[in-house]
Amino acid sequence: MSLHLYDTSTRAVREFVPLEPGRASIYLCGATVQAPPHIGHIRSGVNFDVLRRWLLRSGYDVTFCRNVTDIDDKIIRVAAAEGVPWFVVAERNQRAFTWAYDTLGCLPPTVEPRATGHVPEMITLMERLIERGHAYASGGDVYFDVLSYADQYGKLSNQRLENMRPAADTDDESCKRDARDFALWKGAKPGEPTWPTPWGPGRPGWHLECSAMVTKYLGPTFDIHGGGIDLTFPHHENEIAQSQAAGDGFARYWMHNGMLKIGAEKMSKSLGNSLLIPEMVQKVRPVELRYYLAVPHYRSSIEYSEEALREAAAAYQRIEGFVTRAAEVIHDVDADAPLPQAFVDALNDDLGTPQALAVVHEVVREGNVALSRGDKEAVARLLAETQNMLDVLGLDPRSPQWRTAGSDLKPVVDALVAVALEQRAAARARKDYAAADAIRDQLAAAGITVEDTPHGARWELSH
């Protein structure tokens, strides 16, 4: 089975056929940096990182563009409330997003454009739209004329134009021909940043930014446009309208990830229920948080709970335990070993991570049985399969990403635990089991779990 993806624009699962054979282009709507990221933001990053990794594993040369919206009404409001320049807020929060993506193991984007660096491209796009009769300047602003594109507008979000509410994206709607017209450019206001244009100074509208950036880096037509389902309307609907009205083919597939909720409400900064990434990685390790976000199907919603987070961490630890034990027996893992067909089929079926991880857990169970039998040949095969599957998902516990933390202290801890285990072995040899148990209990209190195996005692840090 070849890769099939659910396309929001057709509301159907379609075979992925790239614009250019062997190459795949992805644009992901990234952060609007008015605040630091919560796990709802980073879920999108993890979901599309898995897609990118699967495309890479499938042999595609992938160009991955993830933008930064660094000028926006919300950023300006936050800056005004704090009494600092807008760029202070944007820069601070962009660094927080970059840290969060990196911490959860997302591959760096091929390119990460900022909106403020692409005003010339935005001006060009507006000029094209005005020339084609799809945009107009009014009162220092520039608007997209929705009625000029009425036969197409609303198709992505499956809405009818007559049922749409006013865009409500400016303080004064009187400059618009129609209340549903949306702002491409907003005229200068006191205290706000501005850039010069043929229609006067001002700043870009949110929707215009993405269309200008994606076409600069991925071309007028590209493969996949991704983002959260909450962006479908108006943001993505408006992107399509302005880009296609200007004559660009734009995205061939639209993919949207589901929301992360608390108490049945979408997680958002405005609700005040955000769970910020620095707080989350104090509750579980970053790799366990990535597992938690990757397990559900990307299109499903996640109802956040501490219990579900703990269950995900425990499930990952079971996988990690097998990999750790097997690696003590098998030192050279075949990175080119074929993936289980069931795993391949799961990811090819609209990136089915729940089914893919079920295959991982099944292989781990077989691997544990092989370890208990001392079947090194089977262990080698199953370890290779496990690590290769985890590599696709960005979850391999032996990857540099997840082995870095505490690596400087590991030789010291190894030596200290080795001394304690030697003392415990000596106590057991002289049948002083009380002393042996006391040593194991002391290690457990320090966060070190000891397991007696046919090959001797082994230890690992408790999670």
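The sole residue among V68, V78 that is assigned to a helix (DSSP H, G or I) and either open to solvent by 20 Å² or more (accessible area, probe 1.4 Å) or closer than 27 Å to L293 by Cα (or both) is V78.
For region 7-19, filtering for residues that are open to solvent by 50 Å² or more (accessible area, probe 1.4 Å) and not in a loop (DSSP other than H, G, I, E, B) leaves 3. What are the pairs, 6+ residues apart or on separate chains, where a residue within region 316-335 that is in contact (Cβ under 8 Å) with a residue 24 or more places away in the chain has its Cβ under 9 Å from a residue that is aromatic (F, W, Y) and open to solvent by 20 Å² or more (accessible area, probe 1.4 Å)? Every condition considered, the pairs that remain are E320/W402.
Y60: at negative phi and crowded, with 24+ Cβ neighbours inside 10 Å, yes or no?
no
Look at A90 and say whether it is surrounded by 23 or more Cβ atoms within 10 Å (Cβ to Cβ) and more than 29 Å from V287 (Cβ to Cβ). The answer is yes for A90. The set of residues in region 116-162 that are part of a helix (DSSP H, G or I), touching a strand residue (DSSP E or B) at 6+ places or on another chain (Cβ under 6 Å) and either without any contact (Cβ under 8 Å) to a residue 60 or more places away in the chain or closer than 22 Å to K189 by Cα (or both) comprises V119, M122, M126. Quick check: is even one residue across region 44-55 in contact with a Gly (Cβ under 7 Å, 6 or more places away or on another chain), open to solvent by 10 Å² or more (accessible area, probe 1.4 Å) and assigned to a helix (DSSP H, G or I)? So far as region 44-55 goes, yes, one or more of its residues are in contact with a Gly (Cβ under 7 Å, 6 or more places away or on another chain), open to solvent by 10 Å² or more (accessible area, probe 1.4 Å) and assigned to a helix (DSSP H, G or I).
Residue by residue, here is whether (1) hydrophobic (A, V, I, L, M, F, W, C); (2) outside any loop (DSSP other than H, G, I, E, B); (3) crowded, with 18+ Cβ neighbours inside 10 Å holds:
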position: K189; (1), (2), (3): no, no, no
position: T197; (1), (2), (3): no, no, yes
position: C210; (1), (2), (3): yes, yes, yes
position: D230; (1), (2), (3): no, yes, no
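Scanning region 367-374 turns up one or more residues that are in contact with a Pro (Cβ under 8 Å, 6 or more places away or on another chain) and either open to solvent by 10 Å² or more (accessible area, probe 1.4 Å) or of a type in the set (F, W, Y) (or both). For region 96-129, taking the residues that are acidic (D, E) and closer than 30 Å to D181 by Cβ, the one that is least open to solvent (accessible area, probe 1.4 Å) is identified as E121.
More than 28 Å from W459 (Cβ to Cβ) and either open to solvent by 10 Å² or more (accessible area, probe 1.4 Å) or assigned to a helix (DSSP H, G or I) (or both): is that true of A313 in this structure? When the stated conditions are applied, A313 does not pass them.
The values are calculated or read from the model by the stated rules, or taken from the named source; none is laboratory data. What you see is a predicted model; the values in this text were computed from it and never measured. For neighbour counting, all protein chains shown are included, and Cβ atoms are generated from backbone atoms with ideal geometry for every residue, glycine included. Side chains included, ligands, DNA and RNA excluded: accessible areas come from the protein's heavy atoms. Shrake-Rupley method; radii C 1.70, N 1.55, O 1.52, S 1.80 Å.
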